[in-house]
Amino acid sequence: MIRVALAGHRGRAGAEVALALQAAPDVDYVGGVGRADDLRTLLDRTRPQALVDFTHPGAALENGLAAVSAGAAPIVGTSGLSSDDVDRLQAACEQAGVGGIVAPNFAVGAVVMIWLAERAAPFFEAVEVVETHHAGKLDAPSGTALATARRLAALRKLSYNRPEKVSLENSRGGEEGGVGVHSLRLPGVVADQEVLFGLAGQTLSIAHRTTSRAAFGPGVLLAIRRIVAEPRFHRGLDEVLGLSSSEG
């Protein structure tokens, strides 16, 4: 049995992940903490092998570092961490000899979507990413959208339309390495993303729809099992699935 604790167990995503942890036959779910709780007390009392974090960008790094100090692998599903934050967490994990992961998205389908998009990118001149999330999401664009744009931009030079006249500021959204990025925030949505490719006379759309936050559970469990068995640091669920650019 793998002992696992959870930070953010009362949140929208955290509550679903808690159910997945409780249902897994090989996981001993030792408890969760929220904003008003003391994480270090839980870590000292339960000595988990992994700490799953679905909190917010201002807390995720410190939670991850606390986990490493307690000998637990940080499994971070909170988006909005900077590259420096991820570097700090990786360095701490490597120094302590524990594994870990920071993943912009733990939905397996979202990871496969990015992998498919990478394979389509060399054949198209332009690409734009449109992500839609619930109205309460704290960051924009989503970590998944930003990761998608950066990975596609690294594959080839892309054409990005910059209009001569803009009647409404920011109506073209953002741009990352020649990839347009657009963020929508609406009630009634969980997390969707569409990657739109364009070439003369044709388009290609690769989309992933999250119908429930239960979608994060299988990916979290895959990451826990792999990282506890093979203590190394991963930057994304794609590495765990063997779908990273270097392995594809």
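A Cβ distance below 8 Å, combined with a sequence gap of six or more or placement on separate chains, defines the contacts here; from region 162-182, residues that are under 21 Å from residue 131 (Cβ atoms) reach residues that are part of a strand (DSSP E or B) and polar (S, T, N, Q) in the pairs 173/183; 174/183. For region 225-244, check the following and say yes or no: at least one residue is open to solvent by 80 Å² or more (accessible area, probe 1.4 Å), hydroxyl-bearing (Ser, Thr, Tyr) and either on the phi < 0 side of the Ramachandran plot or touching a residue at least 12 places away in the same chain (Cβ under 8 Å) (or both). Within region 225-244 (the criterion being open to solvent by 80 Å² or more (accessible area, probe 1.4 Å), hydroxyl-bearing (Ser, Thr, Tyr) and either on the phi < 0 side of the Ramachandran plot or touching a residue at least 12 places away in the same chain (Cβ under 8 Å) (or both)), the answer is no, since none of the residues qualifies. Only one entry of 169, 175, 194, 239 meets the criterion of being assigned to a helix (DSSP H, G or I) and among the acidic types (Asp, Glu), and that entry is 239. Of the residues 140, 147, 117, the single one that is under 18 Å from the mean Cα position of the chain (by Cα) and either assigned to a loop (DSSP other than H, G, I, E, B) or aromatic (Phe, Trp, Tyr) (or both) is 140. If you go through region 153-179, how many residues are exposed (fewer than 10 other Cβ atoms within 10 Å of the Cβ) and of a type in the set (Gly, Ala, Ser)? Residues that pass the stated criteria total 2.
Only residues that are over 17 Å from residue 143 (Cα atoms), in contact with a strand residue (DSSP E or B) (Cβ under 9 Å, 6 or more places away or on another chain), open to solvent by less than 20 Å² (accessible area, probe 1.4 Å) and part of a helix (DSSP H, G or I) were counted in region 197-224, giving 2. Would you confirm whether any residue within region 185-198 is in contact with a Gly (Cβ under 8 Å, 6 or more places away or on another chain) and not small (Gly, Ala, Ser)? Within region 185-198, not a single residue is in contact with a Gly (Cβ under 8 Å, 6 or more places away or on another chain) and not small (Gly, Ala, Ser). With 131, 125, 169 as the choices, which residue is of a type outside the set (Ser, Thr, Tyr) and modelled with pLDDT under 95? The conditions single out 169.
For region 97-106, the candidate set comprises residues that are open to solvent by 10 Å² or more (accessible area, probe 1.4 Å) and in a loop (DSSP other than H, G, I, E, B); within that set, the residue that is nearest to residue 30 (Cα to Cα) is 98.
Mind checking whether some residue in region 82-96 is part of a loop (DSSP other than H, G, I, E, B) and either over 22 Å from residue 145 (Cα atoms) or not polar (S, T, N, Q) (or both)? The answer is no; no qualifying residue exists.
Does residue 162 satisfy the criteria of being out of contact with any Leu (no Cβ under 7 Å at 6 or more places or on another chain) and either of a type in the set (S, T, N, Q) or part of a loop (DSSP other than H, G, I, E, B) (or both)? The answer is yes for residue 162.
Every condition in (1) open to solvent by 20 Å² or more (accessible area, probe 1.4 Å); (2) in contact with a helix residue (DSSP H, G or I) (Cβ under 7 Å, 6 or more places away or on another chain); (3) of a type outside the set (S, T, N, Q) holds for residue 194 except the one numbered (2).
The values are calculated or read from the model by the stated rules, or taken from the named source; none is laboratory data. All values reported here derive from a predicted model rather than from experimental measurement. So basically every Cβ, Gly included, is an ideal-geometry build from the backbone, and we count neighbours across all protein chains shown. Only protein heavy atoms, including side chains, enter the accessible area calculation; ligands, DNA and RNA are left aside. Shrake-Rupley method; radii C 1.70, N 1.55, O 1.52, S 1.80 Å.
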